[in-house]
Amino acid sequence: MINVIIADHQAIFRAGVAKVLAVEDDLRIVGQPQSPDQMMNALERLRARVLLISTSFMPLFSEIHALTTRHSTAILVLAESGDEASPFIAMGAQGVVYRSINGPTIVDAVHRLARGETFVHTPNTAITEISEDLVGMRVRDRLSEKELRIVAAVVRGYKNREIAMQLYTTEQVIKNALRAVFDKIGVSDRLELALFVLHHRMLAHATAAVRIDNDPPRPKRAGLGSSLNSQLPSHLKM
């Protein structure tokens with residue numbers, strides 16, 4: 001059994017990736033830390049084979065790398081759009097994926113790292129896969145610019161109140177818009193929406209490209225260029 005820790009500050013993405021990986025018979029999610037203290041504790045106690053970690057934890061990378069080396073844990077960095085993969089590999093990570101990654105590819109990445117291989121996701125070269133994602137393309141075309149922005153904000157973990165502030169509208173308007181989005185896509189809640197985006201590369205790329213002015217600044221990190229909780233947090237509910 002391959003034990004996996006998912007460390008990401010975005011709760012809905014964490015939950016979505018966990019759902020995708022947990023379907024595999026040989027993968028087991030042993031922790032979903034969202035803070036540095038939780039992550040370091042999980043690494044020390046849970047002895048995972050693969051650590052999927054977002055760039056928000058990069059200021060602690062030297063301590064993380066020391067622990068993962070001691071416990072033979074492979075590091076799979078979850079990078080943001082615009083980040084270069086090579087600096088993460090140079091720092092000691094065994095793999096790099098981006099938030100636009102789809103479900104089958106992230107499963108493949110975890111399996112490869114568990115076997116001692118490296119993996120670098122190259123989303124910009126996946127033109128064929130994007131063009132073949134007809135479902136994702138149709139959904140993208142059905143969404144208005146405002147709806148796509150709302151979907152992108154939901155996937156990034158924003159609450160309805162925060163999305164309303166970004167769009168200079170009311171929380172009730174956002175709730176109504178989300179219901180319309182759910183109907184268009186055929187999902188019933190925010191987690192299903194995140195899973196749908198994760199499984200459809202065309203839609204994942206479209207939401208990853210949306211600029212949200214209130215995105216929190218990522219921590220500065222030396223050497224880099226610009227770029228399972230059973231209960232979901234309350235902001236993941238309608």
Among the listed residues Ala177, Ala164, which satisfies the condition of being in the same structural domain as Met202 (by TED's automatic domain parsing), part of a helix (DSSP H, G or I), of a type in the set (Gly, Ala, Ser) and buried (at least 21 other Cβ atoms within 10 Å of the Cβ)? Ala177
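Rundown of residues vs (1) at pLDDT below 90; (2) in contact with a strand residue (DSSP E or B) (Cβ under 9 Å, 6 or more places away or on another chain); (3) surrounded by 24 or more Cβ atoms within 10 Å (Cβ to Cβ), yes/no style:
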| site | (1), (2), (3) |
| --- | --- |
| Gly82 | yes, no, no |
| Ala85 | yes, yes, no |
| Ala93 | no, yes, yes |
| Ile106 | no, yes, no |
| Gly116 | no, yes, no |
With (1) hydrophobic (A, V, I, L, M, F, W, C); (2) in contact with a helix residue (DSSP H, G or I) (Cβ under 6 Å, 6 or more places away or on another chain); (3) not in a helix (DSSP H, G or I) as the list, and Ala48 as the residue in question, which single condition is left unmet? (2)
Residues being under 12 Å from Leu143 (Cβ atoms) and crowded, with 20+ Cβ neighbours inside 10 Å - total across the range 182-195: 2
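The values are calculated or read from the model by the stated rules, or taken from the named source; none is laboratory data. Model, not experiment: these values are computed from the prediction. Backbone-built Cβ (ideal geometry, glycine too); neighbour counts: all protein chains shown.
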